[in-house]
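Peer 1: I am attaching a structure below and will ask some questions about it afterwards.
The values are calculated or read from the model by the stated rules, or taken from the named source; none is laboratory data. Fair warning: this is a prediction, and the values are worked out from it, not measured in the lab. Cβ atoms come from the backbone with ideal geometry, glycine included; neighbour counts cover every protein chain shown.
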Ligand code: SF4
């Protein structure tokens, strides 16, 4: 039977047809509340609670996708519930994918990425968090991640964390500045340093290099040795905060749980982006990819959500079913858009997302077992495309865009971000040279409640160009 994307209003009617047995399974934090807390609500319900953009998006029509949306948008409820029940809450900031593997070794704790608040002003269609941040000194010279500072002030997205882990060093200045302001607001912060991954050059021939086992990235061994020491510092800080010892076995358990989540995300990406007929819309794949970095504050239910989505995708691939009309052109998307409605716009214009570099690609790789867990996490960090040369990131994008048969590449910059203006040209030039496909890049403006007309024109024109080029080929 043909399917198509639906609106939040369609879900209000559709949700009533979901069998009770499915609804019963959609529960989080079973270890706090007997039987867990039900969360399967329509997107419009989450829109009424504040994330108003949900009423302007189009969604996949499957119960599995609804479960994914509801799981992501119920994160703040979990954090408050856990805090009320005496659990430890850790804010992890900046590294995107590694520190949570360590923090989740603490029993009765949840971890969340404060950086994830960067898209909250767009989802809320309200600049309140940005205004709050501005009052505290984080003005629009910084990227949207300054919303995290506003959220530490208002505390309506998360309760005050018991401890924050702030990574600095080989990362952007924007969030380093924001994290300092967060500490000045009274948050308890443990600082740790992220080393740069230098390339082999004539000047460092005496340095010992190795290759990551899964991403095949060259890295200087001393960077991993340094990182492991930093991670030992994180473990000590966790022990002090929780009052209990963290053993190697506890770290291993957490690593294995994350390996299962990473495996599900990795396989899902490969199936979706590799398929001839796109089995899942871009928004759902984007959300699933982000679960890999911190399990959306609930590792146990994350696995259930991803397994359910994977089954749906497999069924569609077997049946050649797609929620997108016709034969959309395939777009590789670089850097996640602050405004999620751009993905709906892209799909409404006759394209689909076939591949992505949302700056978290290291978090899909497995973490090596058979070595000390901290060593495995440090080694995995060397696959982060944001801590090394830009040429390396550009090469990886070219490889993936080619593997997923992209017809064009879209690079969406983040307003005010310190890194983006330099990246876009280098990445774009390499794609044009190596793949000879159209590339477009622009900074996503903040346009609450409606699309910027300039963006609509540019996206639609770009997709027309890509369609014409595909016809000629
Ligand atoms: S500058 Fe870029 S990497 Fe840094 S916080 Fe902003 S979006 Fe994230």
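Peer 1: If you scan the range 118-139, which residues turn out to be over 19 Å from residue 341 (Cβ atoms) and either in a loop (DSSP other than H, G, I, E, B) or outside the structural domain of residue 50 (by TED's automatic domain parsing) (or both)?
Peer 2: Within the range 118-139, 136, 137, 138, 139 qualify.
Peer 1: Just give me the residues in the range 192-213 being out of contact with any helix residue (DSSP H, G or I) (no Cβ under 8 Å at 6 or more places or on another chain) and either crowded, with 17+ Cβ neighbours inside 10 Å or outside the structural domain of residue 160 (by TED's automatic domain parsing) (or both), in sequence order. Give the derivation first.
Peer 2: Keep residues of the range 192-213 that are out of contact with any helix residue (DSSP H, G or I) (no Cβ under 8 Å at 6 or more places or on another chain), which gives 200-206, 211.
Hits for the range 192-213: nothing passes.
Peer 1: Here's another thing I want to ask about it. If I go through the range 27-56 residue by residue, how many of them are assigned to a loop (DSSP other than H, G, I, E, B) and either over 18 Å from the mean Cα position of the chain (by Cα) or outside the structural domain of residue 114 (by TED's automatic domain parsing) (or both)?
Peer 2: Here is the first cut: in the range 27-56, the ones assigned to a loop (DSSP other than H, G, I, E, B) are 29-36, 39-42, 49-51.
Retained after the next criterion (residues that are either over 18 Å from the mean Cα position of the chain (by Cα) or outside the structural domain of residue 114 (by TED's automatic domain parsing) (or both)): 29-36, 39-42, 49-50.
Summing the residues that are assigned to a loop (DSSP other than H, G, I, E, B) and either over 18 Å from the mean Cα position of the chain (by Cα) or outside the structural domain of residue 114 (by TED's automatic domain parsing) (or both) in the range 27-56 gives 14.
Peer 1: Tell me which residues, restricted to the range 432-473, are closer than 17 Å to residue 405 by Cβ, in a loop (DSSP other than H, G, I, E, B) and free of Cβ contacts under 8 Å to residues at least 24 places away in the same chain.
Peer 2: Result: 436, 473.
Peer 1: Does residue 206 satisfy the condition of being modelled with pLDDT under 95 and within 16 Å of the ligand (Cβ to nearest atom)?
Peer 2: Numbers: modelled with pLDDT under 95: yes; within 16 Å of the ligand (Cβ to nearest atom): no.
Judged against the criteria, residue 206 is not a match.
Peer 1: Kindly check whether there is at least one residue in the range 164-177 that is buried (at least 21 other Cβ atoms within 10 Å of the Cβ), closer than 27 Å to residue 228 by Cβ and away from the ligand (no atom under 14 Å from the Cβ).
Peer 2: Scanning the range 164-177 turns up at least one residue that is buried (at least 21 other Cβ atoms within 10 Å of the Cβ), closer than 27 Å to residue 228 by Cβ and away from the ligand (no atom under 14 Å from the Cβ).
Peer 1: Evaluate the range 410-420: report whether one residue or more is part of a helix (DSSP H, G or I), at pLDDT below 95 and farther than 30 Å from residue 225 by Cα.
Peer 2: No.
Peer 1: Restricting the search to the range 373-394, which residues are part of a loop (DSSP other than H, G, I, E, B), touching a helix residue (DSSP H, G or I) at 6+ places or on another chain (Cβ under 6 Å) and within 16 Å of the ligand (Cβ to nearest atom)? Talk me through it step by step, then tell me what you get.
Peer 2: The first filter runs over the range 373-394 and keeps only residues part of a loop (DSSP other than H, G, I, E, B), leaving 382-389.
Next, from what is left, pick out any that are touching a helix residue (DSSP H, G or I) at 6+ places or on another chain (Cβ under 6 Å): 383-385.
Scanning the range 373-394 gives 384, 385.
Peer 1: Moving to a separate point now. Can you tell me which residues in the range 176-185 are more than 22 Å from the chain's Cα centre (by Cα) and either in contact (Cβ under 8 Å) with a residue 12 or more places away in the chain or more than 21 Å from residue 234 (Cβ to Cβ) (or both)?
Peer 2: From the range 176-185, those more than 22 Å from the chain's Cα centre (by Cα) are 180-181, 183-185; that's our starting set.
The answer is 181, 183, 184, 185.
Peer 1: Something else: Taking only pairs six or more apart or across chains, which ones have beta-carbon atoms under 8 Å, a first residue in the range 135-159 that is in contact (Cβ under 8 Å) with a residue 24 or more places away in the chain and within 20 Å of residue 188 (Cβ to Cβ), and a second residue that is within 11 Å of the ligand (Cβ to nearest atom) and not in a helix (DSSP H, G or I)?
Peer 2: 148/93
Peer 1: Now for a different question. Scan 410, 367, 390 and give me the residue that is surrounded by 21 or more Cβ atoms within 10 Å (Cβ to Cβ) and more than 23 Å from residue 60 (Cα to Cα). Explain how you work it out, then say what you get.
Peer 2: On the way: 410 fails: more than 23 Å from residue 60 (Cα to Cα); 390 fails: surrounded by 21 or more Cβ atoms within 10 Å (Cβ to Cβ).
Unique residue meeting the criteria: 367.
Peer 1: Then there's this: Given the conditions (1) out of contact with any helix residue (DSSP H, G or I) (no Cβ under 8 Å at 6 or more places or on another chain); (2) exposed (fewer than 15 other Cβ atoms within 10 Å of the Cβ); (3) more than 19 Å from residue 323 (Cα to Cα), which single one is not true for residue 22?
Peer 2: Condition (1) is where residue 22 drops out.
Peer 1: Next question. How many residues does the range 377-431 contain that are in contact (Cβ under 8 Å) with a residue 40 or more places away in the chain, in contact with a strand residue (DSSP E or B) (Cβ under 9 Å, 6 or more places away or on another chain) and within 30 Å of residue 256 (Cβ to Cβ)?
Peer 2: The qualifying residues number 11.
Peer 1: In this structure, does residue 150 turn out to be within 16 Å of the ligand (Cβ to nearest atom), part of a loop (DSSP other than H, G, I, E, B) and under 21 Å from the mean Cα position of the chain (by Cα)?
Peer 2: On the way: within 16 Å of the ligand (Cβ to nearest atom): yes; part of a loop (DSSP other than H, G, I, E, B): no; under 21 Å from the mean Cα position of the chain (by Cα): yes.
Spelling it out, it is not the case that residue 150 is within 16 Å of the ligand (Cβ to nearest atom), part of a loop (DSSP other than H, G, I, E, B) and under 21 Å from the mean Cα position of the chain (by Cα).
Peer 1: Does residue 397 meet the test of being modelled with pLDDT of 95 or more, touching a helix residue (DSSP H, G or I) at 6+ places or on another chain (Cβ under 8 Å), not in a strand (DSSP E or B) and not assigned by TED's automatic domain parsing to the domain that holds residue 281? Can you show your working first?
Peer 2: Details: modelled with pLDDT of 95 or more: yes; touching a helix residue (DSSP H, G or I) at 6+ places or on another chain (Cβ under 8 Å): yes; not in a strand (DSSP E or B): yes; not assigned by TED's automatic domain parsing to the domain that holds residue 281: yes.
Judged against the criteria, residue 397 is a match.
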